[in-house]
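> Below you'll find the structure I mean.
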Ligand code: NAP
C-alpha cells in the first residue's frame, strides 16, 4: 500500500474494534480498485462519540463505519440520514457531505446481496427470523421490502418481538409479520410434517458465537425439519451449531461472512463512487475465510 500526501482515510468507529475484519476488506479493495484510501480501526471510548464524529469530519475523513455499541446513538450526530437507515433505526456507514456526515445502513443491502450471491430468493418465501435485536430488524426490513409471503419473528423476549412485528406491519401496510417465543415454534404451520420444508430461517441472535460454539438457539430436530434453508448471521465460527443442525436435517445452511463482506463493499462503493466486481468480492471472501481459520487455530 502506497500511503502519500493524497491518501484519504476512513475507519471503523466502535468499542471494541480490535478484532474487526473490516481493514482486510477495505484495504484490499483500495489496492485492487486502485483507490488511494487507507482504513483503520477507531476505538471510541464511552461518552466520546460526539467528539469522535466531529473530529473525524475536522480531520477530513472520507467516511466511517460504525459498529457496536454506537449504531443508533450516532444518528443524532449526522447532518442527514438515508431512508432505509431511518426505517431500521441504525446507521453503520457515514459518508462525508457538506457540513458533516450522512448516515446509511449497509447491513440490510449487504445481507440481501449476500443472499443473492448464495442463490437465495426472498419473493414468496415464508421467513422465520430468530432474534429481535439490531440485525434482526435489518433482516426484517429486508424481508418486508422484498415481497415475502410471511414473516414470523421468534425471540426470547416476546415484547421485543411484538414491537418489531408492529413496526414492520406499519412499514408493510398489512398484517405480514407475526411474533412468537421460541417455544411456540410447535404452533407453526408445517410442524410435525416430515415432508414440509416450508421455511427460510435467518438466525439473528448472538447464540452460537465463538467461544460458545456448541450452542444453538433451538436444538430440537422437529424445528429444523421445517427449514429448507438456514442463514446464520454469525460468521465466527465459520460453521455454527445452528448450521450443522440445519444440514443434519436436510436443509441448506450459510453463515454471515458474506453479509459482513458486502456491507463493507457497499460502504466502499458509497465512499469512492465505484462498483466492486464479483471477482474481487470472491478474492476478499477467501482472504477473510483464511483469517477466520487462523484465529480459530
Ligand atoms: P443485539 O441487538 O444485542 O440482539 C441480540 C439478540 O440475541 C436478541 O434477539 C436477544 O434476545 C438474543 N439473545 C442474546 N442472548 C440470548 C440468550 N441467552 N437466549 C436467547 N436469546 C438471546 O445484537 P445484534 O447486533 O442484533 O447481533 C446479533 C448477532 O448478529 C451477533 O452474533 C452478531 O455477531 C451478528 N451480526 C452479524 C453481522 C454480519 O455482518 N454478518 C452484522 C451484525 C450482527 P432478547 O431480545 O430476548 O434479549
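> Mind telling me which of 201, 267, 172 comes out most flexible in a GNM of the chain, alpha-carbon contacts under 10 Å?
Largest GNM mean-square fluctuation: 172.
> Continuing with the same structure: For helix 257-272, report the angle its Cα long axis makes with the longest principal axis of the Cα atoms of the chain; keep it between 0 and 90° and round to the nearest 10°.
Value to nearest ten degrees: 30.
> Based on alpha-carbon positions alone, could you give the equivalent ellipsoid semi-axes of the range 79-199 from the gyration tensor, as √(5λ), descending, whole Å?
29, 16, 12
> For the chain, what does the convex hull of the Cα positions come to per residue, in cubic angstrom?
That works out to 135 Å³ per residue.
> Here's something else I'd like to know. So how do 144-156, 51-63, 270-282 stack up, highest first, on mean other-Cβ count within 10 Å?
Numbers: 144-156: 19.8, 51-63: 16.3, 270-282: 14.7.
Ranking the peptides 144-156, 51-63, 270-282 by packing returns 144-156, 51-63, 270-282.
> Here's a follow-up. Taking every alpha carbon pair in the range 1-151, what does the distance histogram look like in 5 angstrom bins from 0, in percent?
P(r) over the range 1-151, rounded to whole percents: 2, 9, 17, 19, 19, 15, 11, 6, 3, 1, 0.
> Specify the angular offset, from 0 to 90 degrees and rounded to the nearest 10, of the alpha carbon long axis of helix 22-32 from the longest principal axis of the alpha carbons in the chain.
The angle comes out at about 60 degrees.
> Over its Cα atoms, what ratio of radius of gyration to 2.2 N^0.38 Å does the range 221-297 give?
Details: Rg = 15.0 Å, N = 77, 2.2 N^0.38 = 11.5 Å.
Against the empirical 2.2 N^0.38 Å value, I get 1.31 for the range 221-297.
> With everything on Cα atoms, drop me the angle between helix 107-117 and the longest principal axis of the chain, reported from 0 to 90° to the nearest 10.
The angle comes out near 70 degrees.
> Of 256, 133, 11, which has the largest mean-square fluctuation in a 10 Å C-alpha GNM of the chain?
Top of the fluctuation ranking is 133.
> Also, I was wondering about something else. 222 nm [θ] for the chain, helices only, -39500 (n - 2.57) per DSSP H run of 4+, per residue, to 500? Display every interim value, and only then the final one.
Working: 10 runs with 110 residues, N = 297.
Using -39500 (n - 2.57) per qualifying helix, the result is -11000 deg cm²/dmol.
> Okay, moving on. Need one number: the % of Cα-Cα pairs in the range 93-133 sitting beyond the 11 Å mark. Walk me through the numbers on the way to the answer.
On the way: 614 of 820 pairs.
For the range 93-133, the share of Cα pairs beyond 11 Å comes to 75 percent.
> Along each of the three principal axes of the Cα atoms of the range 117-184, give the extent in whole Å, ordering the values from largest to smallest.
Answer, in whole Å and largest first: 31, 26, 21 Å.
Each reported figure results from applying straightforward, stated rules to the coordinates on display, with no laboratory input. The structure displayed is predicted, hence computed values, not measured ones. Using ideal geometry, Cβ is built from the backbone for each residue, glycine included, and neighbour counts are taken over all protein chains shown.
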